[in-house]
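Here's the structure we're looking at; comments come further down.
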Amino acid sequence: MSMHTEASEVLLERRGCAGVITLNRPKFLNALSLNMIRQIYPQLKKWEQDPETFLIIIKGAGGKAFCAGGDIKAISEAKNTRQNLTRDFFREEYILNNAIASCQKPYVALIDGITMGGGVGLSVHGRFRVATERSLFAMPETGIGLFPDVGGGYFLPRLQGKLGYFLALTGFRLKGRDVHRAGIATHFVDSEKLHKLEEELLALKSPAAEDIAGVLESYHAESKMDQDKSVIFEEHVDKINRCFSANTVEQIIENLRQDGSPFAIEQLKVISKMSPTSLKITLRQLLEGSSKTLQEVLTMEYRLTQACMEGHDFHEGVRAVLVDKDQSPKWKPANLNEVTDEDLNSYFKSLGSSDLKF
């Protein structure tokens, strides 16, 4: 049984014991649109209640990306036309992220290829996340005047040490086995074995979560690829923990300056290109999110998105990176010291009756 036409952006199929979701915009690296969210959410809920569906698998078509993020170009363009897209997209995306986190059926995300932003939201909250040597994980939002959303404020501060703070502020790209080492993936499998893994999962008879975990673990144990030492985890983890443990962006920058290593200098260069407002929002988002539930974090992040939609930097970031592609955004304010506590507080304010509700 399948529900799709040739041009479907997302394929929803019942196969064997599973519901299978395929993100199907390979030309756009499976970027997530509101239309896709509106198809996935009700189907996920149906499968969750269906006694014949024992697990849910989500994957991307085309071999290059699982999902490179939300369709932020469309969201930015909507500011001038359909204002409600900037509300509806984030609201419905976050409700889907929460549904994945609370899903009663085992949820298996095959994060083969590029997995960023909205693609992280479709995978990281699920019970099982399978990385491959082609996986490329990043939350690069501070470079477009946004912040690492889709529950980033929940999962990033819960990664080991200060790794999540580093990933959030710099947009650093984790590759291959490092996606598993970081705890973003639960398993690592060679990409050429993914098809076989999927077939084996689909062939299970009325599996429990332990049966699914057993299959994933057997493939994980077989993989010998990319086992050499990780530069980021072997050489830089102490620096990351030391430099990114401050409670202000200014102090993190000072820590990196004092460290003075080539790695620290490289991070300084990267951070200097990011939106100052985004950097400050992001650090506060993670510090606050570290003690909140996922739903509380998503409510906070929804407030932040709506303030960013009204602000300058998001639209300027999208222009510089995705529209004109000149890679030189003019941030306002342009310096960290010009982003006041008052400015920052306004981003975190309640939206009253417009707040996100679950």
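The values are calculated or read from the model by the stated rules, or taken from the named source; none is laboratory data. All values reported here derive from a predicted model rather than from experimental measurement. When we count neighbours, we look across all protein chains shown, and the Cβ atoms used for this are built from the backbone with ideal geometry, even at glycine. What goes into the accessible areas is simple: the full protein's heavy atoms, side chains included, and nothing from ligands, DNA or RNA. Shrake-Rupley method; radii C 1.70, N 1.55, O 1.52, S 1.80 Å.
In table form, for the structure just shown:
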| quantity | calculated |
| --- | --- |
| Candidates 41, 154, 94, ranked by Gaussian network fluctuation over the chain, Cα under 10 Å, top entry | 41 |
| Of 45/205; 46/205; 27/175; 59/280; 27/193, pairs whose Cα-Cα distance is over 31 Å | 59/280 |
| Accessible area (Å², per residue) of segment 211-358, counting only protein heavy atoms and a probe of 1.4 Å | 51 |
| On Cα atoms only, tilt of 276-289 relative to the major axis of the chain in degrees | 60 |
| C-alpha long axis of helix 84-101 to longest principal axis of the chain, angle in ° | 60 |
| Within the chain, helix-based [θ] at 222 nm, where runs of 4 or more DSSP H residues each add -39,500 (n - 2.57), nearest 500 | -13000 deg cm²/dmol |
| Isotropic mean projected area of the C-alpha convex hull, segment 1-144 (nm²) | 8.7 |
| Helix 34-49 vs. the chain, principal-axis angle (Cα, 0 to 90°, nearest 10) | 50 |
| Solvent-accessible surface ranking, highest first, for 105, 269 at 1.4 angstrom | 269, 105 |
| Surface share of carbon and sulfur [accessible, 1.4 angstrom probe, percent] for the chain | 50 |
| Per-residue SASA entry for residue 204, accessible area with 1.4 Å probe, Å² rounded to 10 | 40 |
| Segment 163-237 - percent relative contact order, Cα under 8 Å, separation 6 or more | 37 |
| Cα-centred dipole magnitude for the chain, charges only on beta-carbon of K, R (+1) and D, E (-1), debye, nearest 20 | 300 |
| Beta bridges by DSSP in the chain, antiparallel share as percent, to the nearest 5 | 30 |
| Segment 128-205: C-alpha gyration tensor shape, a/c 1.5 cut-off, then a/b vs b/c | prolate |
| Cα-based equivalent ellipsoid of the chain: semi-axis lengths in Å, sorted from largest, via gyration tensor | 33, 25, 18 |
| Directionally averaged shadow of segment 149-272, computed from the convex hull of its alpha-carbon atoms, nm² | 9.4 |
| Taking the chain and dividing mean pair separation by its residue count, relative contact order in percent (alpha carbons under 8 Å, at least six apart) | 16 |
| The chain: most fluctuating residue of 42, 207, 329 per GNM, C-alpha cutoff 10 Å | 42 |
| Surface per residue (accessible, 1.4 Å probe) for segment 1-147, Å² | 37 |
| Lys, Arg +1 and Asp, Glu -1 on Cβ, resulting dipole of segment 143-199 about Cα centre, debye, nearest 20 | 280 |
| Under 5 Å, built H, 5+ apart or other chain: amide partners of residue 127 | 107 |
